[in-house]
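Chemist: One structure, pasted below without further comment.
FYI, it's all coordinate maths here, none of it is from the lab. From a predicted model like this one, the values you see are computed outputs, not experimental measurements. For neighbour counting, all protein chains shown are included, and Cβ atoms are generated from backbone atoms with ideal geometry for every residue, glycine included.
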Amino acid sequence: MFPRNNFGTCVTLSALILAVLGRGAAAPTEKMSRTFTAERYARRTIYHSPQTPGWTSWVGAWIMPDGSLMVSFTRATGSVGDLERRKKTRDYGGLDIDVVYLRSTDGGARWTRVAESDVSFGTADDSGLGTHANNGPTTLALKDGSILRRVYGWDYGRHPAIPGTAFLQRSTDGGKTWSDPPRSRDGGGTWSDPSPVQEFLLDPARYTVQTTRTRRLRDGRLLMGGGVWNGPNTQRAPFEPLLMVSADEARSWQRVNFTRAEYDAAWNTKWNEWDFAELPGGDLLVVSRTADNRQRWQGILAKAGGAWGLRTFGPSVLPHSGHPELLKAREGPVLHIATTGTHWTDDGGKTWHPLDFDTLPDLPTGDYQSRYYPHSLQTADGWVYVFSHKGYDNYYGQVDQAIVMDRFRLTRK
């Protein structure tokens, strides 16, 4: 039941919240004391659906405690049927939807399919509900080798049979089986508590949570970012960004109150999908996609004890793309990876510079652009990996999608 979950007890920051400055990044400078080059770039497809056209989307990636790589993504298979109907309705009914888990123990040279996780839960297997509920970039490995993932219950449209908000699951066998989702016998008044992790980030009777990124800090804590609608089972209530922190491997989560004390609808439209990267002093560089899909916004969440306060937030020079993707590289810079190009900063986002590549044999434009909705990581040996999917936010049968892996090394000049 509810008591153990605590629903994201707040980390109080009322005395620490800093004035929000309407400043973003300055334009890239012409003079730089150093620059970074990407070398030994290569791109290849690591997975295609057993049918063509394939539908494989929304990939995530993480490093397991033994150093092996894992990726997950959502796959739909079945009859294409009436393409015009699918285009108009985005209907996934009648299809088999699974989250596929791949693992590589040789740096991405070979991949083994270790699990296919059904997304139906309490809905009919071919209902088409829950197709987008499992977001790969929120999945990561815990220190004991188990895997933590987020499921967006609102995507099922079945409340209260399934929670109408995000909930967490844990797998101890590489994604083959998962802890049971929370279930209710009293119409959503109370929920079962089947997992050793805290399933609900916030009280589902009050909030609808959607998180899209989970990252581990240098001190070992977990951060999960996204958004929250201030109402149950809805996407029409007032919205604001959400940041949750866990110091005990997801057994409990606390909310970081870094936003304005009073709800500001116009300001919050600048927080749609967003990502964060930890800077050397513990501050967080954040980059956000805005609701109007124009230029990105960015800011600094300044570290204050065990939490963070928003120091700056304003327009960035980075153009619109899909979900922002940031990677803090071992060589020093933070990379912003996108379908519009890849840039780096080593001054907390004050300036951004295009990432130079020594050779781009697969990209004749001469500018490295990821595939759609990239997710990146860097291994201990220095290789940078970017996973994404060929295609876009396509309806089923529209294009032939596939899961793509890019790999390169960074060199400081």
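Chemist: Quick one: give the max-minus-min coordinate of the C-alpha atoms of segment 201-263 along each principal axis, largest first, in Å.
Modeler: In descending order, the Cα extents are 36, 23, 17 Å.
Chemist: Calculate the tail of P(r) for segment 233-327: the fraction of all Cα-Cα distances greater than 17 Å, expressed in %. Could you put the intermediate results ahead of the total?
Modeler: Values: 2394 of 4465 pairs.
More than 17 Å apart: 54 percent of the Cα pairs in segment 233-327.
Chemist: Right, another one. Pick out, from Q254, L102, S146, the residue whose Cα sits farthest towards the positive end of the charge dipole of the chain, with +1 on the Cβ of Lys and Arg and -1 on the Cβ of Asp and Glu.
Modeler: The residue sitting farthest along the positive end of the dipole is Q254.
Chemist: Rounded to whole Hz and in sequence order, give me ³J(HN,Hα) for segment 402-413 from the Karplus expression 6.51 cos²θ - 1.76 cosθ + 1.60, θ = phi - 60°, writing x for Gly and Pro.
Modeler: Each residue's phi maps through the Karplus curve to give 7, 9, 10, 10, 9, 9, 7, 10, 9, 10, 8, 9 Hz.
Chemist: For segment 54-130, report the translational diffusion coefficient in µm²/s to the nearest whole number, using Stokes-Einstein at 4 °C, 1.567 mPa s, and a Kirkwood Rh over Cα pairs. Before the final figure, lay out the partial values.
Modeler: Numbers: Rh = 14.0 Å.
Taking Rh from Cα pairs, D becomes 93 µm²/s.
Chemist: When the chain is fully extended, how far beyond the present Cα-Cα distance does V317 get from R90, taking 0.36 nm per residue of separation? It would help to have the intermediate numbers written out before the result.
Modeler: Numbers: separation 227, 0.36 × 227 = 81.72 nm, distance 3.34 nm.
Residue separation times 0.36 nm, minus the Cα-Cα distance, leaves 78.4 nm.
Chemist: What does the charge count near T379 come to, summing +1 for each Lys or Arg and -1 for each Asp or Glu among other residues with Cβ under 15 Å from its Cβ?
Modeler: Details: positive: R40, R103, R216, K328, R330, R407, R409; negative: D66, D106, E331, D381, D406.
For residues surrounding T379, the net value is +2.
Chemist: Specify the residue with the greatest mean-square fluctuation among T208, T345, T234, computed from a Gaussian network of the chain linking alpha-carbon atoms under 10 Å apart.
Modeler: Comparing T208, T345, T234 in a Gaussian network model of the chain, the most mobile one is T234.
Chemist: Among S79, S57, what is the fewest-to-most ranking by other Cβ atoms within 10 Å?
Modeler: Ascending Cβ contact count within 10 Å gives the list S79, S57.
Chemist: Evaluated at 37 °C with a viscosity of 0.692 mPa s, what Stokes-Einstein diffusion coefficient in µm²/s does segment 149-198 have when Rh comes from the Kirkwood expression over alpha-carbon pairs? Working shown, then result.
Modeler: Numbers: Rh = 11.3 Å.
Here the translational diffusion coefficient equals 290 µm²/s.
Chemist: Quick check on the exposure proxy: order I63, I147 from fewest to most C-beta atoms within 10 angstrom.
Modeler: On the way: I63 17, I147 22.
Final ranking by Cβ density, sparse to dense: I63, I147.
Chemist: What dipole magnitude, in Debye to the nearest 20, does segment 62-208 give about its Cα centre under +1 on Lys/Arg Cβ and -1 on Asp/Glu Cβ? Mind showing how you got there, number by number?
Modeler: Details: 18 positive and 19 negative charges, 70 e Å.
The calculated dipole for segment 62-208 is roughly 340 debye.
Chemist: Once you place label points 7 Å from the Cα toward the Cβ at L83 and M64, how far apart are they in nm?
Modeler: With each label placed 7 Å out from Cα toward Cβ, I get 3.9 nm.
Chemist: For segment 229-382, with the dipole built from +1 on Lys and Arg beta-carbon atoms and -1 on Asp and Glu ones, taken about the Cα centre, which of L327, M244, F357 lies farthest toward the positive end?
Modeler: Most positive-ward Cα: M244.
Chemist: Give the span of the chain's Cα atoms along each principal axis, as three whole-Å numbers ordered largest to smallest.
Modeler: 64, 55, 43
Chemist: From the Cα trace of segment 187-297, what convex hull volume per residue do you get, rounded to a whole Å³?
Modeler: Taking the convex hull of the Cα positions in segment 187-297, it is 112 Å³ per residue.
Chemist: In whole Å and largest first, what semi-axes does the C-alpha gyration tensor of segment 82-164 yield when each eigenvalue is scaled by 5 and square-rooted? Please list the in-between numbers first.
Modeler: Details: eigenvalues 152, 64, 22 Å².
Rounded to whole Å, the semi-axes are 28, 18, 10.
Chemist: When the scattering of segment 22-163 is computed by the Debye formula from its Cα atoms alone, each counted once and equally, what is log10 I(q)/I(0) at q = 0.12 Å⁻¹?
Modeler: -0.66
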